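Notes to accompany the following structure.
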Ligand code: G6P
Ligand code: MN
């Protein structure tokens, strides 16, 4: 058996990572064909990535045929895995998602608050189209989605497209597990974090090492700042003892947006006024990455890629493909249907959960009720996500406004309208469903 992997958004600067992962896994995951797909605007980038990828393949002596195309339909034929890592509107659109809310004194971020909602509005229709093609052209393929907001996008696809083999992934649970392992000086395979919640809103409920409860140790290390699992795009963790000891849940770095809003806003406003928001930082980083990628002498994934927040995402993707293909039945943290795993969230909601990975997909492990301190917040976030999906599909202004209203980073009914209107206008070209 030889496998075909199609990467939608193959011109992403992250792609060398997933290529490296697929090359390394050749002994257990026999991928013989990889096709990078992109759109006209990404043509030059995808060609550069393809050349670098072929040098990496040659260097490793792997038998993989790597090509690129702008013809998505032809690429999808015969695919076994389709990874989706697109950014509709590119980094310029991300900059608007960050800058417009900030201009009105709100947190502007690519997956949280108004920016995250707009990213979903731009992305969901495009990925619905991709899922439709996957269903038609390679119905047995697994779609592995990285595109943010990954949890929301995955729920939209699972509940509204005909293709049901869709899994959402993120590097945050991976980072949390691996940093915990490093800190406790144990192998990552021995660390079990009981995750509960949603993508970019997931908590660690308990931490076990080979069955031994080490939760308190981890809390202590977090408080003594020995511990930081925040990705490059978010400031280092800084939680108070009162927060940790009262909530008794291990937060993820994105929780700062909700529970340290003032501090985050202050920092982001400073960036907005001075040296640019994250999108602008990433734009510069991307330019230097692509300069590197173009160098003929580069034959591996460069270390510099670790400056991106999503570093290591490909380890998540590749181990997922490996476990599906080999029916490994190991446990990985992915975004999938709740289906009763957390009884106080809707049955068809997508959650980020520990799952047994089988050839029939992820099977979430029952968790039970959400601990009281965060139940309301998680339910509120899920309600917001549902409204976002509804609006993405309907293109109805009122639906969009409702999503804004429920989002804890927006709320103010008048400002919500101002920011929504401005964002809808700024992204008009990428929001055909909202055209009136
Ligand atoms: C984290 C998140 C990813 C996100 C990335 C942003 O790792 O889990 O979902 O894409 O950060 O990183 P960037 O370098 O684009 O700011
Ligand atoms: Mn993520």
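What to note about this one:
- Residues satisfying the stated conditions in segment 78-94, i.e. closer than 18 Å to residue 128 by Cα and touching a strand residue (DSSP E or B) at 6+ places or on another chain (Cβ under 9 Å): 79, 81, 82, 83, 84, 85, 86
- The set of residues from segment 300-313 being touching a residue at least 24 places away in the same chain (Cβ under 8 Å), closer than 19 Å to residue 45 by Cβ and either loosely packed, with under 14 Cβ neighbours inside 10 Å or more than 13 Å from ligand 2 (Cβ to nearest atom) (or both) comprises 300, 301, 302, 305, 307.
- Hits in segment 176-198 (condition: within 22 Å of residue 364 (Cβ to Cβ) and either away from ligand 1 (no atom under 16 Å from the Cβ) or more than 22 Å from the chain's Cα centre (by Cα) (or both)): 180, 188, 189, 190, 191, 192, 194, 196
- The residues listed here are 293, 229; of these, the one that is farther than 27 Å from residue 203 by Cβ and surrounded by 18 or more Cβ atoms within 10 Å (Cβ to Cβ) is 293.
- Contact annotation: residue pairs with Cβ atoms under 6 Å, 6 or more positions apart or on different chains, pairing a residue in segment 135-162 that is touching a residue at least 60 places away in the same chain (Cβ under 8 Å) with a partner that is more than 16 Å from ligand 1 (Cβ to nearest atom) and in a loop (DSSP other than H, G, I, E, B), are 137/77; 138/79; 141/79; 141/80; 142/165; 159/348.
- Screening segment 237-333 for helices (runs of 4 or more DSSP H) wholly inside it with 2 or more residues that are under 30 Å from residue 371 (Cα atoms) and in contact with a helix residue (DSSP H, G or I) (Cβ under 7 Å, 6 or more places away or on another chain) returns the ranges 241-247, 256-259, 313-325.
- Pick from segment 118-146, criterion within 16 Å of ligand 2 (Cβ to nearest atom) and not in a loop (DSSP other than H, G, I, E, B), ranking: surrounded by the most Cβ atoms within 10 Å (Cβ to Cβ): 145
- Hits in segment 199-219 - residues which are away from ligand 1 (no atom under 16 Å from the Cβ) and surrounded by 14 or more Cβ atoms within 10 Å (Cβ to Cβ): 205, 206, 207, 208, 209, 214, 215, 217, 218, 219
- Residues (touching a helix residue (DSSP H, G or I) at 6+ places or on another chain (Cβ under 6 Å), away from ligand 1 (no atom under 15 Å from the Cβ) and part of a helix (DSSP H, G or I)) located in segment 97-112: 100, 101, 102
Here, each number is a calculation from the coordinates, and none is a lab measurement. Quantities reported herein were computed from a predicted structural model and do not represent experimental measurements. Don't worry about glycine lacking a Cβ; one is built from the backbone with ideal geometry, like all the others, and counts go over all protein chains shown.
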